1. Using the per-residue mean of other Cβ atoms lying within 10 Å as a proxy for protection, in what order, highest first, do the peptides 117-129, 80-92 fall?
2. For Thr183 and Ala132, calculate 0.36 nm times their separation in residues minus their Cα-Cα distance, and state this gained length in nm to one decimal.
3. What order, most packed first, do the peptides 193-199, 154-160 have when packing is the mean number of other Cβ atoms within 10 Å of each residue?
4. Could you sort the peptides 163-175, 104-116 by per-residue average Cβ neighbour count (10 Å cutoff), highest mean leading?
5. Using the structure shown, list the pairs from Lys79/Lys203; Lys79/Lys144; Lys144/Lys194; Lys79/Lys145 with a Cα-Cα distance above 32 Å, or answer none.
6. Quick check on region 144-252: what does the Kirkwood estimate of hydrodynamic radius come out to from the alpha carbon pairs, in Å?
7. Could you name the aspartates and glutamates whose alpha carbon sits less than 15 Å from that of Lys239, not counting residues in the same chain fewer than 8 places away?
8. For region 118-153, list residues with backbone N below 12 Å from a point placed 7 Å from the Cα of Leu101 toward its Cβ?
Amino acid sequence: MAASASASASASLQSIPSYVKQSHTTTTTGAAPNLLSFRTSVNPVFSKKLTTNVNVSGSRKAFTIKSQSTPSDSSRPTKVHELCVYEINERDRGSPMYLRLGEKPVNSLGDLVPFTNKVYSADLQTRLGITAGICILIKNMPEKKGDRYEAIYSFHLGDYGQISVQGAYVTTEDTYLSVTGGTGVFAGAYGQVKLQQLVFPFKLFYTFYLQGLSADLPSELLVTPVTPSPAVEASPAAKAAEPGATCPNYTD
């Protein structure tokens, strides 16, 4: 989604001519030569230069607008980096919290669910950090015994950085969300992530398909995943955040 919006903006800017010039002449008498020059500051998306010239024999005004678009999406790295992690709610963080803003006895539009869970490596041997975010209820689906939410949240993974995502979260099926950005080794990230529901709302498995990264992901993140199933559990050492079973400065 982010990539599509950026590409659309870039295409729009490129459709603007490199300059637009408008001139007209009026009669002026008794005026001394005068030159007024105005220049706006340059910003990353657009630069403009406005110059006005006034002559005794006549008045001529020239307006020049120069566009300076941001680099096109073609300059962004497109290699796909696959990353898998587990999100597990171990019932020790007071999460999730259900806020019934719809003030109805059943789940209804506008209800909010702030949450935070623990994140483990795909082999369940390393504590990486946490998720933190909020889900907004869009539709209650009693016929499917589930709900559809719009989810906005981030994965905080210690010194490795952060990945932010947004999109549909359907409690009864697997869904894809957009990767909207990142920091640290994930800086510049875009793409998508598959959310696989194992035990709602306690166990989820994610497969990220990241693009835009300047370098390959650290090898310690690229471990062989434990096959997703409702029975998966983090190793005792990772659960206890023992030395050697966490990422550097893991987020808690």
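The values are calculated or read from the model by the stated rules, or taken from the named source; none is laboratory data. Only a predicted model underlies this, so the values are computations on that prediction, with no experimental measurement involved. Don't worry about glycine lacking a Cβ; one is built from the backbone with ideal geometry, like all the others, and counts go over all protein chains shown. The area values use the complete protein model at the heavy-atom level, side chains included, leaving out ligands, DNA and RNA. Shrake-Rupley method; radii C 1.70, N 1.55, O 1.52, S 1.80 Å.
1. Going from most to least packed, we get 117-129, 80-92.
2. Contour length minus Cα-Cα distance gives 16.8 nm.
3. Highest to lowest by the protection proxy: 154-160, 193-199.
4. My ranking of the peptides, most packed first, is 163-175, 104-116.
5. Listed pairs above 32 Å: Lys79/Lys144; Lys79/Lys145.
6. Result for region 144-252, one decimal place: 15.3 Å.
7. Hits, sequence-local ones excluded: Glu87, Glu90, Asp92, Asp123, Asp252.
8. Correct set: 134-138, 150.
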